[in-house]
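Undergrad: Sharing a structure below in structure tokens format, with a few things to ask.
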Amino acid sequence: MSIVRSTAFAVAGGLAAALLFVSLAKGNLGGIILMGMTPLPLFLVGLSLGVMPAAIASMVGAAVILAVDMLYGTVFLADFALPVMIVVPLALWRRRDETKWRPASQLVIGLTVLAAVVFLVSELSLIGQPGGMEGSLRTVIGTLGKELRNQDPQIGDQAEHMLQSAARWLPGVGAAAWIGLIAANGVLAQGALAGFGWARRPAPKVAAIAVPWFALVPLAAAIAAAVLGRGEIAFAGSNLTVILAMPFLFQGLGVIHALAARSSKRAWLLAGVYVAVLIFGWPIPLIVALGVIEQWVGLRRRYAATGREKSDG
């Protein structure tokens with residue numbers, strides 16, 4: 001594709017991303033869903049045309065939003081443009097003498113590191129405030145609850161009580177949801193491009209996701225800080241535990257994909273797992289635990305060996 005055409009597609013992708021982002025202004029569920037698809041056009045450009053077109057698309061989208069509102073433009077840059085510019089180079093980079101692409105686990109770890117760094121920077125920037133980040137967050141929740149009570153006292157009280165109860169974990173849960181959102185858009189983009197034969201790399205296999213062993217070290221440190229620490233240290237440990245558990249969530253899903261691969265009802269099993277995760281949420285800790293167990297036991301390797309023994313027998 002010529003430079004002119006690739007640049008035109010990149011500009012169109014950036015404008016599409018900006019349009020999806022501003023759909024949040026509708027304030028309804030449809031607008032929120034469309035806003036969640038903001039990274040999709042950027043990924044479509046990057047995973048088909050390369051890093052430079054992805055950068056152009058990201059800059060165009062950011063410039064449009066910044067021209068309208070500085071705050072929203074910053075959010076667009078931090079939440080969507082920056083992660084795309086981290087994932088796309090990781091996904092497309094390989095040495096000239098190598099045929100293997102970067103595995104999906106490295107893409108997940110890249111997003112996890114970014115989320116952890118942003119959280120820590122935010123925590124440090126608010127360390128001088130009363131109660132640190134947690135205190136600032138509870139103050140914002142109180143203000144929001146007051147505004148909601150002016151509209152409906154019952155709903156305002158319920159919303160404030162729920163958010164205050166979850167305030168200790170809100171940044172980590174929000175970061176984890178953001179990682180899942182970015183990953184989902186990347187998978188959708190890669191799948192769509194592969195269907196049309198436009199993808200620059202083969203799709204990473206979920207069943208092959210393998211997190212390096214050293215990823216357990218920061219997770220264990222975060223758990224220790226959450227359990228043994230006090231005040232802001234415990235708050236930081238709690239939220240970092242949620243963030244740093246994300247690679248093991250994906251590894252746990254990889255184990256489920258691998259175990260379901262030989263079942264005739266594979267699609268139904270996987271659909272049931274993902275529906276339960278999205279609607280109920282309670283399977284998430286179990287899947288994270290499965291990912292940690294895989295790190296020590298090697299369930300996929302054992303299952304593959306058992307399958308070979310049966311086929312040889």
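The values are calculated or read from the model by the stated rules, or taken from the named source; none is laboratory data. Please read all numbers here as calculations on a predicted model, not as lab measurements. We place every Cβ from the backbone using ideal geometry, glycine too, and count neighbours over all the protein chains shown. Just the protein is used for accessible areas: all its heavy atoms, side chains included, with ligands, DNA and RNA removed. Shrake-Rupley method; radii C 1.70, N 1.55, O 1.52, S 1.80 Å.
Undergrad: Run A225 past the list (1) of a type in the set (A, V, I, L, M); (2) modelled with pLDDT of 95 or more; (3) over 30 Å from P130 (Cα atoms) and report the number of the one that doesn't hold.
TA: The failed condition is (3).
Undergrad: Same structure again: Residue by residue through the range 150-171, note down the ones that are in contact (Cβ under 8 Å) with a residue 60 or more places away in the chain, open to solvent by less than 100 Å² (accessible area, probe 1.4 Å) and not in a helix (DSSP H, G or I).
TA: Across the range 150-171, the qualifying residue is only R168.
Undergrad: Show me the helices (runs of 4 or more DSSP H) found entirely inside the range 1-84 where at least 1 residues are surrounded by fewer than 18 Cβ atoms within 10 Å (Cβ to Cβ) and of a type in the set (S, T, N, Q).
TA: Working: elements: 3-22, 29-36, 39-49, 51-68, 70-76.
Of the helices (runs of 4 or more DSSP H) lying wholly inside the range 1-84, those with at least 1 residues that are surrounded by fewer than 18 Cβ atoms within 10 Å (Cβ to Cβ) and of a type in the set (S, T, N, Q) span 3-22, 70-76.
Undergrad: Ok, one more. Could you give every pair whose Cβ atoms fall below 6 Å, whose first residue belongs to the range 46-67 and is within 12 Å of F9 (Cα to Cα), and whose second residue is hydroxyl-bearing (S, T, Y), counting only separations of at least 6 or pairs across chains?
TA: Partner pairs satisfying both residue conditions: L49/S6; P53/S6.
Undergrad: Which numbered condition trips up E232, out of (1) under 19 Å from Q106 (Cα atoms); (2) open to solvent by 30 Å² or more (accessible area, probe 1.4 Å); (3) not small (G, A, S)?
TA: (1)
Undergrad: Need pairs with beta-carbon distance below 7 Å; first residue of a type outside the set (D, E, K, R) and within the range 265-282, second open to solvent by 40 Å² or more (accessible area, probe 1.4 Å); sequence gap 6+ or separate chains.
TA: Note: pairs meeting the criteria are L269/S263; V277/I284.
Undergrad: Then there is this: Which of (1) surrounded by 15 or more Cβ atoms within 10 Å (Cβ to Cβ); (2) modelled with pLDDT of 90 or more does W101 not meet, given it meets every other one?
TA: Looking at each condition in turn, W101 falls short on (2).
Undergrad: OK, next. Among the residues of the range 243-287, what is the count of those that are loosely packed, with under 13 Cβ neighbours inside 10 Å, of a type outside the set (D, E, K, R) and outside any helix (DSSP H, G or I)?
TA: Result for the range 243-287: 5.
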